[in-house]
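See below for the structure under consideration.
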Amino acid sequence: MKHGKLSLVAASIALALAAAAPTADAQGTGTIKIGNTGALTGPYNEFGEGVRRGILIALERVNARGGILGRQTELAISLDDQLVPDRAVQNMRRILDAPEIDVVIGPGGSGPTLAVIDMATVDGRAYCNPQGQTPSIVYPDGTDKPARKNVISTAIQNDVEAKALGTYVASRFKKIGVMHESTGYGVSGSQLLGVEIERLSKTKPVAVESYNQRSQDMTAQISRVQRAGADVLVVVGLGADMAVIRRNMLRAGFDVPLITSGGGISLPYKEGAGELAVGTRATMISTYQPGKTPTGVAKELADAYQAKFGRDRWWGDDPATPQVFFSLTVGAGFDCATMLLEAVRLAGGTDRAKVTEALNRISNFPVSNGAATFTPMRRLLVQPENLGMFEYVKGDKNDAVLKAATQ
């Protein structure tokens, strides 16, 4: 009887110890898992699917080198939000409810990102913002205050883009008209651009007009900018809408230069505007330039992409080098995954607090779009010096071909 009681006690202790023991993942022997939501389908899938492909290549590169701390890596959750904020929220909730996810790569676009960033901040897992440009995504209290502790970014933040656009147009035009989409990205981008133009030229834009995404007629806004006497139109928005604006400009007889944010270099703009894209100038990360062979990690990424996916819609038409926009899609996903995994390595494991702290120890770390150095105040990979100005010119087949701008 006594022996039976001791056996029961021993069994109870064994069960308690087994229940309390950490899982293989918690002990650091399982795979390191990434969760991601993005626009994998729908009219904006060039963003989310491009990021997903970049993540996959980053993981293959790391795993081929032995993984992180001897552990392999995987994209454990990849969900489609079609760039719709409500879907992004549902997807992010699912990702954050999965305790096995170690680090998170968020959605594309400011709208979906603004919808999920607070819950991701409260959750505390290291998070990379691939494309959302609104400054409050990274800096909720202003860019002069510390960033969110667990957030880094590969996006072209609005103030960075505004400096590049403002510097370009303020030195070349006197009467600047501005149009912007009505999203958080468009509103903040337009405001920051206006501030930069006024700082440099001592004058304000002659007209500022707003439009809704996916609107098929913006003639009214264009006509008001035209009546204001603008000698240039600067647009802050996404490429599909910019294509509508370009066609509406032609219909209204508004023959002035069109200069845009990075959306003007995107696939939907080129596909939607066709030969009308000729003459359009736009800012973009200058990692990949027409006619130039990339170097360093950027070349590694390009070579790996071509081997895995071939020369497709994300790669572009040039067999020698990816198109310029590749940096903001595939490059963003690759860099997000690579930097988050470097934080895991520096942290010595996947403990959330330690990985978040390790973000601040990433210094001069090479990725495709530059070298990452992060501090509590600096969490942006892309800086003004990483941007260039590009222009569509007429190609041999009378199509629009992108080149580095010469004026």
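The values are calculated or read from the model by the stated rules, or taken from the named source; none is laboratory data. Worth saying up front: this structure is predicted, and the values here are computed from it rather than measured. Cβ placement follows ideal geometry from the backbone for every residue including glycine, while neighbour counts extend to all protein chains displayed.
Identify the residue in the range 239-255 that is among the small types (Gly, Ala, Ser) and closer than 20 Å to residue 185 by Cβ and, among all such residues, is nearest to the chain's Cα centre (by Cα).
So the first thing to find is which residues in the range 239-255 are among the small types (Gly, Ala, Ser), and the list is 239-240, 243, 252-253.
With closer than 20 Å to residue 185 by Cβ added as a condition, the list becomes 239-240, 243.
On the way: 239: 15, 240: 17, 243: 21 Å.
Restricting to residues being among the small types (Gly, Ala, Ser) and closer than 20 Å to residue 185 by Cβ, the top hit is 239.
Within the range 136-157, can one find any residue that is among the charged types (D, E, K, R) and within 21 Å of residue 281 (Cβ to Cβ)? Talk me through it step by step, then tell me what you get.
Filtering the range 136-157 for residues among the charged types (D, E, K, R) gives 141, 144-145, 148-149.
Subsequent filtering for residues that are within 21 Å of residue 281 (Cβ to Cβ) retains none.
The answer is no; no qualifying residue exists.
Check whether at least one residue in the range 392-405 is touching a residue at least 40 places away in the same chain (Cβ under 8 Å) and closer than 25 Å to residue 126 by Cβ, and report yes or no.
No, that holds for no residue.
Consider the range 259-290. How many of its residues are part of a loop (DSSP other than H, G, I, E, B) and under 10 Å from residue 325 (Cβ atoms)?
The total comes to 2.
Got a sec? Which strands (runs of 3 or more DSSP E) wholly within the range 291-407 have at least 2 residues that are at pLDDT 95 or above?
In the range 291-407, 365-367, 370-372, 387-394 are the strands (runs of 3 or more DSSP E) which contain 2 or more residues that are at pLDDT 95 or above.
For the structure I just gave you, tell me whether residue 107 is within 17 Å of residue 339 (Cα to Cα), within 16 Å of the chain's Cα centre (by Cα) and in contact (Cβ under 8 Å) with a residue 12 or more places away in the chain.
In short, yes.
Condition test on residue 356, is it hydroxyl-bearing (Ser, Thr, Tyr) and in contact (Cβ under 8 Å) with a residue 40 or more places away in the chain? Can you show your working first?
Values: hydroxyl-bearing (Ser, Thr, Tyr): yes; in contact (Cβ under 8 Å) with a residue 40 or more places away in the chain: yes.
So residue 356 fits the description; yes.
Checking the conditions here, which among 229, 184, 166, 194 is crowded, with 21+ Cβ neighbours inside 10 Å, over 17 Å from residue 264 (Cα atoms) and not assigned by TED's automatic domain parsing to the domain that holds residue 371?
184
In the range 55-174, which strands (runs of 3 or more DSSP E) lie fully inside it and hold 1 or more residues that are polar (S, T, N, Q) and modelled with pLDDT of 95 or more?
Answer list for the range 55-174: 73-80, 127-129, 151-153.
Out of (1) more than 24 Å from residue 347 (Cβ to Cβ); (2) over 13 Å from the mean Cα position of the chain (by Cα), the odd one out for residue 124 is which?
It fails just one condition, (1).
For residue 96, are the conditions met, namely being on the phi > 0 side of the Ramachandran plot and either of a type in the set (A, V, I, L, M, F, W, C) or in contact with a Phe, Trp or Tyr (Cβ under 6 Å, 6 or more places away or on another chain) (or both)?
Values: on the phi > 0 side of the Ramachandran plot: no; either of a type in the set (A, V, I, L, M, F, W, C) or in contact with a Phe, Trp or Tyr (Cβ under 6 Å, 6 or more places away or on another chain) (or both): yes.
Considered against the rule, which asks whether it is on the phi > 0 side of the Ramachandran plot and either of a type in the set (A, V, I, L, M, F, W, C) or in contact with a Phe, Trp or Tyr (Cβ under 6 Å, 6 or more places away or on another chain) (or both), residue 96 comes out as no.
I need the full set of residues from the range 168-203 which are farther than 30 Å from residue 85 by Cβ and in contact (Cβ under 8 Å) with a residue 40 or more places away in the chain, in order please.
168, 169, 172, 173, 174, 175, 176 - these are the residues of the range 168-203 that are farther than 30 Å from residue 85 by Cβ and in contact (Cβ under 8 Å) with a residue 40 or more places away in the chain.
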